[in-house]
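This report concerns only the one structure given below.
Every number in this text was worked out from the coordinates using simple rules, so none of it is lab data. Just so we're clear, the structure is a prediction, and the values are computed from it rather than from any experiment. Methodologically, a virtual Cβ is constructed for each residue, glycine included, from the backbone with ideal geometry; neighbour enumeration extends over all protein chains shown.
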Amino acid sequence: MTSRPIFPTTPSPPGGEQALLAPVAMGAEAKLRRHRPPIGPSFNQSVDNQSAGHIFNHMVEFDTAQLDTVFHALCDATRRHMLRQLSAGERTVSQLAEPFSISLAAASKHIKALENAGLIRREIRGRTHVCRLDPGPLASAHQWLSFYERFWTERLDVLEALLRAEDAGPSSTPKGEEP
């Protein structure tokens, strides 16, 4: 009785078993040089089709780490109020903490978050820490938001036109009846 293999065998590739193992032994550069076309339909044609035109993503231009820290700093109402105070001029840490029922240590943590985002600068004058607004990072956040502002403005303009057209159209209630 002859034993048969459980799994069907495939013919060896040209070059024998060494040809199968060669890609594993190749360096990273050799792997990158090899390109195999995708098998079956392509689900991501912009990536799979390298001859396609380049896609420009407007949001990639922004430094995301910087924007993340700016928006993180702005997400807290206490810090936004502190920035509002600093827009009028320099303030000490105790002046910034005064409107809130928080300790100087808590105020200092809020100020540190604003400093990490680059929204304020702290200067030490003797024993006093004086803070001032640095509007640069706010400008980049504003630029990022203005991209979406255009989108919402266009959408609201369309909604306004639809509502005006509806108001200008014939009334759906018969004459003599009140709505």
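Tabulated data for the structure shown
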{"quantity": "Three principal axis lengths of the range 64-136 [C-alpha, angstrom, descending]", "calculated": "35, 24, 21"}
{"quantity": "Ascending count of other beta-carbon atoms within 10 Å, so fewest first, for R91, R132", "calculated": "R132, R91"}
{"quantity": "Relative contact order, percent, the range 64-136 [alpha-carbon distance under 8 Å, six or more residues apart]", "calculated": "34"}
{"quantity": "Amide H contacts under 5 Å for H129, placed H, 5+ residues apart", "calculated": "V93"}
{"quantity": "Neighbourhood net charge (15 Å Cβ-Cβ; Lys/Arg +1, Asp/Glu -1) for L133", "calculated": "+3"}
{"quantity": "Per-residue Cβ neighbour rank within 10 angstrom, fewest leading, H110, H72, H129", "calculated": "H72, H129, H110"}
